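The values are calculated or read from the model by the stated rules, or taken from the named source; none is laboratory data. Being a predicted model, the structure only gives us computed values, none of them experimental. Every residue, glycine among them, receives a Cβ derived from its backbone with ideal geometry; neighbour counts consider all protein chains shown.
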Amino acid sequence: MAMIPFSPPRIDDRTIKAVEEALRSGWITTGPRTKEFERRLAAYCGVQRVIALNSWTNACELVLRWYGVGPGDEVIVPAYTYCATANIVMHVGAKPVMVDVMDDFTMDPDLVKRALTNRTKAIIPVDIGGLPADLTAIMRVAEEGCSLFTPKVNLRVAGSNPQMRLGRALVISDAAHSFGATVGGKRTGSQADITGFSFHAVKNLTTAEGGALAFNLPEPFDPEELYRYFNTMSLHGQSKDALAKTQPGAWRYDVAFPGWKCNMTDVQAAIGLVELERFDGETTPRRKAICERYSATFRDDDRLLTPLFKDADRESCYHLYMLRIAGATEEQRDAIITAIAQRDVSVNVHFIPLPMLSFYEGQGYRMADYPNTYRLFSNEISLPVYFDLTDGQVDQVIAAVKAALKEVMG
Ligand SMILES: *Cc1c(COP(=O)(O)O)cnc(C)c1O
């Protein structure tokens, strides 16, 4: 039997044709397809403006730089996330302050409240697996903590000082997993101040590599102005992008500050436009059906803890199936993964908590300080979920999990 992969992208004739058209159009970098992708993303998420960039990581790092986060500042992140969430904080010279998560894998708002100090400049909740964090509570914590907030006054940000204007910690949602998920019936992107999406190859909407920011800041922030500023930031601080320079005689430009380089290309946007068009009609329903097929079987076994996809307020976009094995130690979980792999099924673990990574351990973070994170991680196994996974393959995964469980746990 062929190995069942964990999360291959859906690449078919339609995707290939769209990429071919982009390549043949003569415009392969940021251009009309990227702008169209941004408009459609904004309409989909129900926000005024979205900018498409080359990754979640670079997009959200720009947000920290725009907000003037740097040395001496703190950014609150969950201990349970992918390294990117904290790495961007390191990149700008600030300190990640880690907090523990709740049983649904998302950051605990009460612990965020306790972690707030007069150095806190941003909070980055993570919608792990596709289930939105409690963004309503976290926004409230940020707003109620405004008396602690100490804005930097000499920020050199064109036209405005965002810290003075907002007057509280910025809430940046790490929605790398949760494009299309909902909170109170509204799509992710419209809850936090700024939401970062990832379109990396393994995510539930892909452009090979890519990311986007949805702007949802309160007044007097202007989404158009934010869009223009981030566009400039993503292109070396250059006053005109390649598209604007195609206007007759419009060759002259200025560089007002040394910006970064993280724009999306039209080749990537071509993939994204196809993905977005079939996202609600095909991608998410198939993912949901796969997750439901797993849960329908696993629910009957007390040793298998099925993931939460929906409650009164939230619905996941069914990005990951994060199964947990009740009572399994980390060693037993690892043995179960080996036994599953021997049955030709690829699985994964989301994620190795930040304090267990040698870099962050070396920075003084200790796993013992985040007991719930460790408890969830130690017996977690993510199962394959992707559009092309057939019901027969889902059943093969289920059989492999059950057999591996019996082999290791008895
Ligand atoms: C994938 C991922 C990222 C990083 O996304 P890139 O687009 O690869 O930079 C950030 N956070 C989480 C939780 C992720 O899973």
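A few remarks follow.
- All told, ASP104 falls short of being more than 22 Å from CYS317 (Cβ to Cβ) and either within 16 Å of the chain's Cα centre (by Cα) or not aliphatic (A, V, I, L, M) (or both).
- The residues in segment 207-231 that are more than 10 Å from the ligand (Cβ to nearest atom) and in contact (Cβ under 8 Å) with a residue 60 or more places away in the chain can be counted, and the count is 13.
- LEU273 meets each of the listed conditions (1) assigned to a helix (DSSP H, G or I); (2) more than 30 Å from TYR44 (Cβ to Cβ); (3) under 24 Å from the mean Cα position of the chain (by Cα) apart from (2).
- Screening VAL153, VAL99, VAL112 for residues that are out of contact with any His (no Cβ under 9 Å at 6 or more places or on another chain), aliphatic (A, V, I, L, M), within 16 Å of the ligand (Cβ to nearest atom) and not assigned by TED's automatic domain parsing to the domain that holds LEU305 leaves exactly one candidate, VAL99.
- Segment 188-206, subset touching a Gly at 6+ places or on another chain (Cβ under 7 Å) and not in a loop (DSSP other than H, G, I, E, B), residue nearest to the ligand (Cβ to nearest atom): SER198
- Qualifying residue in segment 37-48 (condition: part of a loop (DSSP other than H, G, I, E, B), touching a residue at least 40 places away in the same chain (Cβ under 8 Å), closer than 17 Å to LEU235 by Cβ and under 26 Å from the mean Cα position of the chain (by Cα)): no
- Selection of segment 360-393 for residues being without any contact (Cβ under 8 Å) to a residue 12 or more places away in the chain, of a type outside the set (D, E, K, R) and more than 30 Å from THR284 (Cα to Cα) yields GLY362, GLN363, GLY364, ALA368.
- Within segment 329-354, the set of residues being within 13 Å of the ligand (Cβ to nearest atom), touching a strand residue (DSSP E or B) at 6+ places or on another chain (Cβ under 8 Å) and not polar (S, T, N, Q) comprises VAL349, HIS350, LEU354.
- Assessment of segment 241-249 against the conditions (closer than 30 Å to ARG314 by Cβ and assigned by TED's automatic domain parsing to the domain that holds THR117) yields no matching residue.
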